[in-house]
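Can you read through this structure? Questions will come right after.
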Amino acid sequence: MKATPLSNCERRFLLRAIEERKRLDGRQCYDYRNVRVSFGADYGCCIVELGKTRVLAQVSCELVPPKPNRPTEGILFFNLELSPMAAPGFEPGRQSELLVKLNRLIERCLRNSKCIDTESLCVVAGEKVWQIRLDLHLLNHDGNIIDAASIAGIVALCHFRRPDVSVQGEEVTVYTPEERDPVPLSIHHMPICVSFAFFQQGTYLLVDPSEREECVMDGLLVIAMNKHREICTIQSSGGIMLVKDQVLRCSKITAVKVAEITELIQKALENDQKVRKEGGKFGFAESIPNQKITAFKMESAAVDTNNVEEQAEEIITKAEPPSDVFAKPILHTPGTAQIGEGIENSWGDLEESEREEAVEEEGESEATAFECQKMETEDTSTMRETKKDEPIVLSDSEEEEVVILEPQELPKKTR
């Protein structure tokens with residue numbers, strides 16, 4: 001199923017709003033959407049929400065033989081999946097051009113920037129190394145997938161813990177989390193992507209474009225940078241030519257946004273680690289806001305149990321007495337009982353309009369009954385006037401009256 005294209009009216013409306021420095025969600029041109037990070041019950045699992053764009057990240061590891069040309073370095077593997085669950089335009093099991101571009105950009109951002117120390121993943125040189133696999137799943141698409149995916153990827157890698165190992169001769173022992181505490185990955189820095197959308201051949205610039213804004217943009221510039229103001233990768237796509245001043249302005253904006261997002265990530269990781277050490281509740285279920293109906297939980301509130309009897313008496317005295325309270329339940333007929341507080345059931349009572357109709361029907365029935373009675377009296381009077389000897393034939397048949405002719409007596413024959 002292909003994505004639904006924008007109509008000409010929507011396209012003109014969006015471009016006109018961008019010319020007036022306005023956006024559909026009320027943001028300014030350089031504003032970023034709210035970023036929310038929530039962690040799962042296991043290490044290395046997280047969900048990042050960038051506005052309504054949601055990405056699930058999961059990190060796993062296993063011991064594998066190293067590559068022949070790099071015998072002392074671990075292996076990193078990244079995979080981003082776009083499913084129809086995120087948007088109807090994504091087809092399952094098909095490598096679209098957008099998916100290939102996003103996967104390459106993720107690898108350049110996380111692998112080529114050397115943010116992870118791959119040599120620390122070596123267990124036995126030339127024989128066993130750790131392979132770290134990062135799977136990214138797009139849960140909901142509302143624009144700017146690459147930014148949300150890069151944030152989710154680096155957060156999951158920072159949150160992940162691999163099992164501890166020990167080497168004795170040629171024997172490699174992998175310890176469970178109960179035997180030894182898992183070991184975090186050695187991460188040097190956190191590269192984060194920031195996207196810029198250009199309109200009308202670079203005249204107008206927007207940060208963090210939404211899905212509708214991506215449909216009408218002329219070009220896209222993605223800059224990956226860490227908090228030390230080091231550019232890890234940069235990519236420009238679309239049919240636009242950017243001058244040096246535009247790229248410098250975008251890099252300055254990227255430095256500010258990356259510093260803010262990095263601080264948010266560090267606070268989220270510290271809070272999660274603190275909750276896990278204290279033995280509190282953690283996971284996706286605990287991260288759902290209590291105000292949502294799908295949370296199935298409420299905040300615990302303290303209840304004051306002092307002077308309960310006095311407070312109850314005050315409430316009873318201030319309360320208004322109930323109306324029409326029957327002391328005993330009413331038994332309308334033997335063998336029946338009433339459920340409730342003893343108040344007569346009003347179910348089935350007629351409303352005013354129904355009562356008026358019932359009264360009218362009763363009046364009509366009385367009139368018809370009176371007419372029938374009058375006709376009966378008339379019939380009886382006419383029957384009295386008829387002679388007693390004449391037979392009376394009553395028939396309800398609608399057919400014509402049938403007259404039976406009695407045979408006449410034959411004349412006697414004379415000799």
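The values are calculated or read from the model by the stated rules, or taken from the named source; none is laboratory data. For clarity, every value in this text was computed on a predicted model and none was experimentally measured. Counting neighbours? That spans all protein chains shown, and the Cβs are built from the backbone with ideal geometry, glycine included. For accessibility, only protein heavy atoms count, side chains too; no ligands or nucleic acids. Shrake-Rupley method; radii C 1.70, N 1.55, O 1.52, S 1.80 Å.
Multiplying the sequence separation of Ser120 and Glu366 by 0.36 nm and subtracting their Cα-Cα distance, what value in nm do you get?
Details: separation 246, 0.36 × 246 = 88.56 nm, distance 10.28 nm.
Gain on stretching Ser120 to Glu366: 78.3 nm.
For the stretch 181-259 and the stretch 13-52, write down the distance between their C-alpha centroids in whole Å.
Centre-to-centre (Cα) distance: 14 Å.
Express the accessible area of the stretch 128-219 per residue in Å², computed with a 1.4 Å probe while the remaining protein chains stay in the model.
Values: 3410 Å² over 92 residues.
So the stretch 128-219 comes to 37 Å² accessible per residue, rounded to a whole number.
Strictly over 18 Å apart at the Cα level, which of Lys67/Lys128; Lys67/Lys101; Lys227/Lys267 would you flag in this model? List each step's numbers first, then the result.
Working: Lys67/Lys128 10 Å; Lys67/Lys101 25 Å; Lys227/Lys267 15 Å.
Among Lys67/Lys128; Lys67/Lys101; Lys227/Lys267, the Cα-Cα distance tops 18 Å for Lys67/Lys101.
While we're looking at this one, here's another question. Can you check what the net charge comes to around Lys114, using other residues whose Cβ is under 12 Å from the Cβ of Lys114 (Lys, Arg +1; Asp, Glu -1)?
Working: positive: Arg108, Arg111; negative: Glu73, Asp117, Glu119, Glu230.
Around Lys114, the surrounding residues sum to -2.
Then there's this: Provide the per residue accessible area, probe 1.4 Å, for the stretch 1-46, rounded to a whole number of square angstrom. Walk me through the numbers on the way to the answer.
Working: 3170 Å² over 46 residues.
Per residue, the stretch 1-46 has 69 Å² of solvent-accessible surface.
Taking a virtual spin label 7 Å from the Cα of Asp164 along the C-beta vector, which residues in the stretch 183-208 bring their backbone nitrogen under 18 Å of it?
Output list for this probe position: 183-186.
On a full-extension model of 0.36 nm per residue, what is the gain between Gln28 and Glu127, subtracting their alpha-carbon distance, rounded to one decimal in nm?
Values: separation 99, 0.36 × 99 = 35.64 nm, distance 5.40 nm.
In short, 30.2 nm is gained.
Below 12 angstrom from the Cβ of Ala197, what's the summed charge of the other residues (Lys, Arg +1; Asp, Glu -1)? Before the final figure, lay out the partial values.
Values: positive: Arg23, Arg212; negative: Asp147, Asp208, Glu211, Glu213, Glu214, Asp218.
Around Ala197, the surrounding residues sum to -4.
Related question: Tally Lys/Arg at +1 and Asp/Glu at -1 over every other residue whose Cβ is under 14 Å from the Cβ of Ser166; what's the total?
Values: positive: Lys128, Arg162, Arg180; negative: Asp164, Glu170, Glu171, Glu179, Asp181.
Combined, the nearby Lys, Arg, Asp and Glu give -2.
Below 8 Å, C-alpha to C-alpha, sequence gap of six or more: please give me the relative contact order for the stretch 183-234 in percent.
Numbers: 80 pairs, mean separation 19.3, N = 52.
Reported as a whole number, the value is 37 percent.
Follow-up. Along Cα→Cβ, 7 Å out, is where each label goes; now give me the distance between the ones at Lys101 and Val275 in nm to one decimal.
If labels sit at Lys101 and Val275, their model points lie 3.7 nm apart.
Here is a further query. Residue by residue, what Karplus-based ³J(HN,Hα) values in Hz, rounded to whole numbers, does the stretch 131-139 have, using 6.51, -1.76 and 1.60 with θ = phi - 60° and x for Gly and Pro?
Computed from phi, the couplings for the stretch 131-139 are 9, 9, 10, 10, 10, 10, 10, 7, 8 Hz.
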